[in-house]
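In what follows, a single structure is set out as structure tokens and then discussed.
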Amino acid sequence: TDAKAFVVTVRGTVTRLAFDISGWSGGSASQFAKAVLVAYNYGTISKCSVIGGIMTAMNIYAGGLVASNQSIGTIKDCFTTCKVTVKYPDSSYIGGLVGINDGTIINCYAKGDVSGAGNNNIGGLVGSNSLHGKISNCYATGGVSGADYVGGLVGETNATEDAHDEKITNCHATGAVS
């Protein structure tokens, strides 16, 4: 796999990891998934954080904490304050915390700016919330910029026909969107 992160794949539990990347202004490029902590999450990540610095990527999935949270993945009580920047055109799924979410995110926040000039599906917390993705009690405060499907909290969410399917609950964003 062409993924870059501290841990490429989680299938168990990761708890209480903290990364201070202050003074870091980039990182190496990969073609597919990039995050500071985990590229692909199939398990549970709790009480983890990434503080300061800039995470630069040239990827399909990019997130400050996790690139891709899979349908059985859970992220809870985590936060990031790093900036996430994607410089490669035609990239998608870029988020301050998670690039693409198909699992569950609970009690998390992202405070860094997220940018992807010419890119799609960019959010302050999550770039894209997929069909099974659920987000609750979360917020984002950084500015967000990109081309299409750009949001302060989530760039894109896939709705279902079930009116009772609450995909995003008790969340908010305060950063500027452009």
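A few comments on the model shown:
- Selected residue (only one of G95, G103 is in contact (Cβ under 8 Å) with a residue 40 or more places away in the chain and farther than 18 Å from G53 by Cα): G103
- Candidates S71, S30, S25, S46, filtered to the one that is over 14 Å from A110 (Cα atoms), touching an Asp or Glu at 6+ places or on another chain (Cβ under 7 Å) and at pLDDT below 85: S30
- Test: residue in the range 158-172 that is in contact with a Gly (Cβ under 8 Å, 6 or more places away or on another chain), touching a residue at least 40 places away in the same chain (Cβ under 8 Å) and either surrounded by fewer than 21 Cβ atoms within 10 Å (Cβ to Cβ) or not in a loop (DSSP other than H, G, I, E, B) (or both): no
- One residue stands out among those in the range 124-151 that are outside any strand (DSSP E or B) and open to solvent by less than 10 Å² (accessible area, probe 1.4 Å): the one that is farthest from V84 (Cα to Cα), which is G133.
- One residue from N129, N119, N101, N107 being more than 12 Å from the chain's Cα centre (by Cα) and modelled with pLDDT of 90 or more: N107
The values are calculated or read from the model by the stated rules, or taken from the named source; none is laboratory data. On a predicted model such as this, the values are computed, not experimentally measured, just so you know. Glycine also receives a Cβ, built like all others from the backbone with ideal geometry; neighbour counts cover every protein chain displayed. The accessibility values were calculated without ligands, DNA or RNA, using every heavy atom of the protein model including side chains. Shrake-Rupley method; radii C 1.70, N 1.55, O 1.52, S 1.80 Å.
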